[in-house]
Amino acid sequence: MGDNGRVTDHRSGFACFVGRPNAGKSTLTNALVGEKIAITSSKPQTTRHTVRGIVHRDDAQLVLVDTPGLHKPRTLLGERLNALVRDTWSEVDVIGFCLPADQPIGTGDKFIAAELAAVGRTPKVAIVTKTDLVDNTVVGHRLLEVQRLGEAVGIVWAEVVPVSAVAGDQVSLLEDLLVGLLPPGPRLYPDGELTDEPEWIMVAELIREAALEGVHDELPHSIAVVVDDMIPREGRSPSNPLLDVHASLYVERDSQKAIIIGHKGSRLRDVGTTSRRHIEALLGTRVHLDLRVKVAKDWQRDPSQLRKLGF
């Protein structure tokens, strides 16, 4: 800001990362924002909600919109997620297309690139992620593949950048490049805000992430978490507050319920311990977490269940 409150050279706007599931979008969002806000999991399709991370700089404000991975839909939920993705793409100022360095470009990447090419004028940055997992020769090869992919579908990349969010390599360079593609404008959010997601959505996502850890079967697409209540415990002193969080984990079948609960409830206890730690860090207060596992048969294909579960 200038002395009289004018915006001098300040830029602000929205960017989103796209890419097939597990391309490193959420990890990159967290690395840029510096806080754990987008859930990360080794399972595809874990990001269900548009989580915005906000990068505050003296010269800019970059708002990151994390969309679900675009995929060929098999269910009604899949179709709704894809519609959400396309809506987001049309509204942002810059799109970062994430392609993992440790995997060759595949049909999923080509599918997304073709969809991206149809999103007219929005600048597109190709981001080769996970460079810490391969050597420089492989990175170089992948960068060439990315150039060719752009040429094949008619995209002229605004930039092509290799990064490692885990090692912190080139993350600040990427931030500078994204900011450079934003329009001039004032701050969109107050300083210090990291996300504009309602807290209960972020709490639900943290629980869902903990429930997915270490489960190596078809569970991920079949878990929905609904936070039923978040209520400060009565009668606590202001210096030692406690928040009661009651949440339900919905699965589609009794067999999945058994997996989530584990032997004598051991797995559910682990889910509770892990997610409570993250929730306390997020909210800055002690939390008592009460988790229930419920079966909602075939919820992904049922419009009324989808609505009830927040989709």
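When the stretch 252-269 is examined, which residues are found to be assigned to a helix (DSSP H, G or I) and touching a helix residue (DSSP H, G or I) at 6+ places or on another chain (Cβ under 8 Å)? Within the stretch 252-269, GLN256, ILE259, ILE260, ILE261, ARG267, LEU268 meet the criteria.
If only residues of the stretch 65-91 that are in contact with a Phe, Trp or Tyr (Cβ under 7 Å, 6 or more places away or on another chain) and buried (at least 21 other Cβ atoms within 10 Å of the Cβ) are counted, the one that is modelled with the lowest pLDDT is ASP66. Among the residues of the stretch 291-311, the ones that are at pLDDT 80 or above and of a type outside the set (A, V, I, L, M, F, W, C) come to 3 in all. Considering the stretch 284-306 alone, what residues qualify as being part of a helix (DSSP H, G or I) and either crowded, with 17+ Cβ neighbours inside 10 Å or in the same structural domain as ARG80 (by TED's automatic domain parsing) (or both)? Residues satisfying the conditions are TRP299, GLN300, GLN305, LEU306. Just for the stretch 1-24: of the residues that are within 25 Å of ILE95 (Cα to Cα) and of a type in the set (Lys, Arg), which one is modelled with the highest pLDDT? Out of the qualifying residues, it is ARG11. With a requirement of 3 or more residues that are touching a Leu at 6+ places or on another chain (Cβ under 7 Å), the helices (runs of 4 or more DSSP H) lying completely within the stretch 86-202 that satisfy it span 107-117, 171-180. If you check VAL55 against the conditions, is it assigned by TED's automatic domain parsing to the domain that holds VAL146, touching a Leu at 6+ places or on another chain (Cβ under 6 Å) and modelled with pLDDT of 60 or more? The answer is yes for VAL55.
The values are calculated or read from the model by the stated rules, or taken from the named source; none is laboratory data. Note that the structure is a prediction, hence the values are computed from the model and not measured. A quick note on method: Cβ atoms are made from the backbone with ideal geometry, for glycine too, and the neighbour counts reach across all protein chains shown.
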